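The values are calculated or read from the model by the stated rules, or taken from the named source; none is laboratory data. The model shown is predicted, which means the values in this text are computed figures rather than measured ones. As a convention, Cβ positions derive from the backbone with ideal geometry for all residues, glycine included, and neighbour counts pool all protein chains shown.
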Amino acid sequence: MAEAFNDKTLAGDKAVRYAEVADEIAAVLDGETNLTARMATVASMLASSFDHYFWTGFYVVDPAKDRELVVGPYQGTLGCLRIAFGRGVCGAAAETGQTQLVADVHAFPGHIACDSRSQSEIVVPVFDASGTLLAVFDVDSDKPAAFDAVDQHGLEKILKTTFA
């Protein structure tokens, strides 16, 4: 019973931290219209806010290439430079327009190992106000099953508020 209480307490603490970071991001970005600056700020602030984040950043839809993502602002080790829609976790998020929550990246069909230390991942599609896919936001962890519904809700809310 104590373990369930601790899990709920940790989830509650994490939800509170997401809400705090959302407010911090909104304050820092107030009046900033440049998309790259907004993405760089979001990646930086989220990366420094959560210990379970190992790699944090954006893969941006490349307008010059059909159905391809190109690495954008990020925090962490070297990322993959380009990812086709439908390929790996990021490509699946771009293809489906749905958040991908992956407890074990090694069990995900077609996972792209940009860094072999990655164990779990969450990728959230990022849309503009008109519903056009701008990018995907990718967070990797070097711990298995590091992400849950609290992370999904927190990230989706921050990204929708910041970019739509």
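Here are a few things to note about the model shown:
- Residue check, G97 exposed (fewer than 15 other Cβ atoms within 10 Å of the Cβ) and either under 22 Å from V28 (Cα atoms) or free of Cβ contacts under 8 Å to residues at least 24 places away in the same chain (or both): no
- Out of A135, A93, A64, A149, one residue alone is among the aliphatic types (A, V, I, L, M) and either touching a Cys at 6+ places or on another chain (Cβ under 6 Å) or more than 18 Å from L46 (Cβ to Cβ) (or both). It is A64.
- The lone exception for I122 - which of (1) touching a helix residue (DSSP H, G or I) at 6+ places or on another chain (Cβ under 8 Å); (2) closer than 24 Å to R38 by Cβ; (3) modelled with pLDDT under 95; (4) not acidic (D, E) it fails: (3)
- Test: residue in segment 69-89 that is buried (at least 18 other Cβ atoms within 10 Å of the Cβ), within 14 Å of the chain's Cα centre (by Cα) and among the aromatic types (F, W, Y): yes
- Counting only strands (runs of 3 or more DSSP E) wholly contained in segment 26-97, the ones carrying 3 or more residues that are touching a Phe, Trp or Tyr at 6+ places or on another chain (Cβ under 9 Å) and either more than 28 Å from K14 (Cα to Cα) or modelled with pLDDT of 95 or more (or both) occupy 55-61, 68-75.
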